[in-house]
Ligand SMILES: NC(=O)c1ccc[n+]([C@@H]2O[C@H](COP(=O)([O-])OP(=O)(O)OC[C@H]3O[C@@H](n4cnc5c(N)ncnc54)[C@H](O)[C@@H]3O)[C@@H](O)[C@H]2O)c1
C-alpha cells in the first residue's frame, strides 16, 4: 500500500488482535479490502475475531508469528501491526518476571518481527511497520514503571526503524493513545480511573487516527491530539513537567487512601 491508497489487496498482520485496539485495526483493514491475519496468544479470541471480519487466524506468541503469517498470506506481508502488549503495572519493586514479560512483549516482539520482515521489505523497496506504543511511551503512566519504560523502548525502536530505513521505502507509524476502552484499560485500577478513563476513546477511533496518519505518511499517530502539547511541555520544561506529574501521583496516593 502506498501513500493515500486504500488497503485493497494489501496483506496485513495484526498481533494481539483477539480484542481491543488490535481487533479494531484488523477490522478496519479487512473492511478496506485487505487480506488480514489476526494473531493473538488467546487462540479462541483470535479465531473469533478472524471469523467475524473474514480474516485468517494465526494464534500464538507475537514474537514468532511472522513465518506462519507470511505463509497464510501467500508469501508476502505488506503491513505489520505490532500491537500485542502487556499493561504491566507496579513500581521498581515489580517482580523480575513482570519486568521481563513487559520487555519481551512490548519491545522484543517488535524487534524480532522487524528482523524477519526487513530483508523482504528492503528487497521489495516497501513495507509498513505499525507499532502500537502508548502515550506512556512519549510521557509516562503513574503506577506503572514496567509499562512506561518498555513503551519508551517500543517508541525508541519505532523511531530507529523509521530514521534508518525511510529512504529505502519503509514506513513506520507509532500509535500513542491515552485511554482506550478495552480490557487493558479496565484493568488499570485507580490510576486508570484518575488519568485514563475520563478521556478514554473507542478502539475504532484509534483505527481512524492510524488511517489518517497512513494517508499522510506521518510517523506519530495521536488519537488524543492533546498528547502533542504534553510531549512538547515535557521536552521544553522537564522539571515543571515532572512536578506536575508528581502532583498527579500525590492525588492518586490520596485517592487510593
Ligand atoms: N487500552 C488502552 O488504554 C491503551 C492505551 C495505549 C496503548 N495501548 C496499547 O494497545 C495495545 C493493545 O492493547 P488493548 O488495549 O487493545 O488491550 P487488550 O488487552 O484488549 O488486547 C491485548 C491483546 O494482546 C494479546 N496478547 C498479549 N500478549 C500477547 C503475545 N505475547 N502474543 C500475542 N498476543 C498477545 C492479549 O491476549 C489481548 O487479546 C497494547 O500494546 C497496549 O499497550 C492500550
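The values are calculated or read from the model by the stated rules, or taken from the named source; none is laboratory data. Small disclaimer: the values here were computed from a predicted structure and weren't measured. Cβ atoms come from the backbone with ideal geometry, glycine included; neighbour counts cover every protein chain shown.
Here 9, 16 are screened, and the one residue that is part of a loop (DSSP other than H, G, I, E, B) and within 11 Å of the ligand (Cβ to nearest atom) is 16.
Taking into account only those residues within the stretch 194-208 that are more than 17 Å from residue 142 (Cβ to Cβ) and surrounded by fewer than 20 Cβ atoms within 10 Å (Cβ to Cβ), which is farthest from the ligand (Cβ to nearest atom)? The residue in question is 208.
Here is a yes/no grid of residues against (1) within 15 Å of residue 131 (Cα to Cα); (2) modelled with pLDDT under 95:
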{"residue": "9", "(1), (2)": "no, yes"}
{"residue": "14", "(1), (2)": "yes, no"}
{"residue": "17", "(1), (2)": "yes, no"}
{"residue": "25", "(1), (2)": "yes, no"}
{"residue": "32", "(1), (2)": "no, no"}
{"residue": "37", "(1), (2)": "no, no"}
{"residue": "41", "(1), (2)": "no, no"}
{"residue": "50", "(1), (2)": "no, no"}
{"residue": "53", "(1), (2)": "no, no"}
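The number of residues in the stretch 135-149 being touching a strand residue (DSSP E or B) at 6+ places or on another chain (Cβ under 9 Å) and at negative phi comes to 7. Across the stretch 48-69, the qualifying residues are those that are free of Cβ contacts under 8 Å to residues at least 40 places away in the same chain and assigned to a helix (DSSP H, G or I), and the one among them that is nearest to residue 121 (Cα to Cα) is 68.
So, residue 125, is that one over 21 Å from residue 45 (Cα atoms), modelled with pLDDT of 95 or more, surrounded by fewer than 16 Cβ atoms within 10 Å (Cβ to Cβ) and touching a helix residue (DSSP H, G or I) at 6+ places or on another chain (Cβ under 8 Å) or not? So residue 125 fits the description; yes.
The residues in the stretch 118-138 that are farther than 12 Å from residue 82 by Cα and more than 11 Å from the ligand (Cβ to nearest atom) can be counted, and the count is 10.
Being within 18 Å of residue 151 (Cα to Cα) and surrounded by fewer than 23 Cβ atoms within 10 Å (Cβ to Cβ) is the filter here; which residues of the stretch 68-87 pass it? Of everything in the stretch 68-87, those that are within 18 Å of residue 151 (Cα to Cα) and surrounded by fewer than 23 Cβ atoms within 10 Å (Cβ to Cβ) turn out to be 86, 87. For the stretch 22-43, a residue qualifies if it is in contact with a strand residue (DSSP E or B) (Cβ under 6 Å, 6 or more places away or on another chain) and buried (at least 24 other Cβ atoms within 10 Å of the Cβ), and the qualifying residues are 22, 25, 26, 29, 36, 37, 38.
Within the stretch 141-186, the set of residues being assigned to a helix (DSSP H, G or I), within 14 Å of the ligand (Cβ to nearest atom) and under 17 Å from residue 83 (Cβ atoms) comprises 147, 150, 151, 153, 154, 155, 157, 158, 183, 184, 185.
Looking at 218, 240 in this structure, which one is surrounded by fewer than 19 Cβ atoms within 10 Å (Cβ to Cβ) and part of a helix (DSSP H, G or I)? Being surrounded by fewer than 19 Cβ atoms within 10 Å (Cβ to Cβ) and part of a helix (DSSP H, G or I) holds for just one of 218, 240, which is 240. Scanning the stretch 19-47 for residues that are in a helix (DSSP H, G or I) and touching a helix residue (DSSP H, G or I) at 6+ places or on another chain (Cβ under 7 Å) yields 20, 21, 23, 24, 25, 26, 27, 28, 30.
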